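The values are calculated or read from the model by the stated rules, or taken from the named source; none is laboratory data. Please read all numbers here as calculations on a predicted model, not as lab measurements. Quick reminder, even Gly has a Cβ in these numbers, built from the backbone with ideal geometry, and neighbours come from all protein chains shown. All accessible areas refer to the heavy atoms of the entire protein, side chains included, with ligands and DNA or RNA removed. Shrake-Rupley method; radii C 1.70, N 1.55, O 1.52, S 1.80 Å.
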Amino acid sequence: MRHRLALLILLVCAAPLRAQEDPASAARAAMQELEAATVALEKADGARDRVRALTTTIRAYESGLAAMREGLRRAATREGELSRDLGARDGEVAQLLGVLLTIETAPTPVRLLHPAGPLGSARAGMMLADVTPELNTRAAALREDLEEVQTLRLLQNTAMRTLENGLASVQQARTDLSKAIAARTDLPRRFTEDPVRTAILISSTETLDGFASGLSEMARGDIAATNADIRELKGSIDLPVQGVVLHGAGKADAAGIARNGMLVAARPRALVTSPTAATIRYRGPLLDLGNVVILEPQADTLFVLSGLAEVYGDAGEVIPAGTPIGLMGGESPQIGAILSLSGDGTGTESSETLYIEVREGGSPVDPETWFRTDKDG
């Protein structure tokens, strides 16, 4: 009897701390966000401004998919922790059940016997009375762990269907957006591009500096003046794509090359939008920069964005803030990649990079003087 009570006390005192976080709630919230985006996509079909409605919808999907990825990773991590913990406690649980079963099935006279006599039996009874509430607590905690594992597994199975629908819907929204932009005819223009002059300028320049300085040569006729002024927005403009800064201006990248702009890591097929109202001065392939969009938010200021797979709009158009100007490259992630834990916390899912350069008066300046990057220091 003494050995059994000692074993019970040891098992009670060895109870692990329970996790405080609730990954299941986070995953459910992400599922609701994706479902709301699906409703928004259906409404966008009848919206007067389809470009704006689809842009908002795609942003909602991107945010929802990112939240879903994080929520499901947390859920899978928590399930793994619980499963490993329960597996490691198999022996402990078996001992606990064995002791309880022995006590329960032992005849009452035998349970009352103690080697130390009546006094020992009384003490043993007091110890058992003290331990019993803790045993109930341990049993309840074990039951909660098992129920949480079942909930998390069911949640992940349900989320698979939500993810399938979300991935298909965001792809449909991107296709619809491309068509809506192509059909748009209501944007004002400051100039009309001359394709011959543009081709000559591209072939005769070897640097971004040279191309930027010759932008005025691309137009047919004069370029209308602009009185746009965004100086009050300096330092508070959102990045044109959802992502994180990899390298600041003047810092060497993985190839050891230091550039005048900053490099932002983004997810494949992420939507790129105009950070402010601006004139599209150029869009298309340029030098070794891939597809480039050059925006002029105010006189003598250029935002140069490169690394896009697709570009929208036409040179000369004046576009509002938040207008789609392109998509990042890469392949849309499959469900297995979204659920994978291999890249958790490392940013490996943000495999595409957008280069952002800002030029004032013909010279490059640090983009972080204009854009809010949420970096410390």
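The set of residues in the stretch 182-221 that are over 18 Å from residue 314 (Cβ atoms), part of a helix (DSSP H, G or I) and open to solvent by 70 Å² or more (accessible area, probe 1.4 Å) comprises 200, 203, 204, 209, 213. Consider the stretch 36-79 and keep the residues that are among the β-branched types (Val, Ile, Thr) and farther than 20 Å from residue 351 by Cα. The one that is most open to solvent (accessible area, probe 1.4 Å) is 56.
Is it true that residue 99 is open to solvent by less than 80 Å² (accessible area, probe 1.4 Å), modelled with pLDDT of 75 or more and at negative phi? In short, no.
Kindly indicate whether residue 215 is within 34 Å of the chain's Cα centre (by Cα), at pLDDT 90 or above and within 26 Å of residue 360 (Cβ to Cβ). Outline the logic, then answer.
Details: within 34 Å of the chain's Cα centre (by Cα): no; at pLDDT 90 or above: yes; within 26 Å of residue 360 (Cβ to Cβ): yes.
The answer is no for residue 215.
What's the total number of residues in the stretch 161-215 that are among the polar types (S, T, N, Q) and touching a Pro at 6+ places or on another chain (Cβ under 8 Å)? Please lay out each step first, then the result.
Step one: of the stretch 161-215, the residues among the polar types (S, T, N, Q) are 162, 165, 169, 171-172, 175, 178, 185, 192, 198, 203-205, 207, 213.
If we keep only those that are touching a Pro at 6+ places or on another chain (Cβ under 8 Å) as well, we get none.
The number of residues fulfilling the criteria is 0.
Check 89, 123, 50, 111 and return the single one that is modelled with pLDDT of 70 or more and either within 19 Å of residue 271 (Cα to Cα) or of a type in the set (D, E, K, R) (or both). Show your work before the answer.
On the way: 89 fails: modelled with pLDDT of 70 or more; 123 fails: modelled with pLDDT of 70 or more; 111 fails: modelled with pLDDT of 70 or more.
Answer to the selection: 50.
Taking residues in the stretch 165-182 that are in contact (Cβ under 8 Å) with a residue 12 or more places away in the chain, and partners anywhere that are among the aromatic types (Phe, Trp, Tyr), the pairs with Cβ atoms closer than 6 Å and at least 6 places apart or on different chains are 170/61; 181/312. Being touching a strand residue (DSSP E or B) at 6+ places or on another chain (Cβ under 6 Å) and under 30 Å from residue 370 (Cα atoms), is that true of even one residue in the stretch 154-175? So far as the stretch 154-175 goes, no, none of its residues is touching a strand residue (DSSP E or B) at 6+ places or on another chain (Cβ under 6 Å) and under 30 Å from residue 370 (Cα atoms). The set of residues in the stretch 206-217 being hydroxyl-bearing (Ser, Thr, Tyr) and free of Cβ contacts under 8 Å to residues at least 12 places away in the same chain consists of 216 alone.
Residues considered: 248, 256. Of these, the only one that is at pLDDT below 95 and within 27 Å of the chain's Cα centre (by Cα) is 248. Restrict the check to the stretch 145-161 and report whether at least one residue is part of a helix (DSSP H, G or I), at pLDDT below 70 and among the β-branched types (Val, Ile, Thr). The answer is yes; a qualifying residue exists.
So in the stretch 325-361, with the set limited to residues that are in contact with a strand residue (DSSP E or B) (Cβ under 9 Å, 6 or more places away or on another chain) and part of a loop (DSSP other than H, G, I, E, B), which one is modelled with the lowest pLDDT? By that ranking, first place goes to 347.
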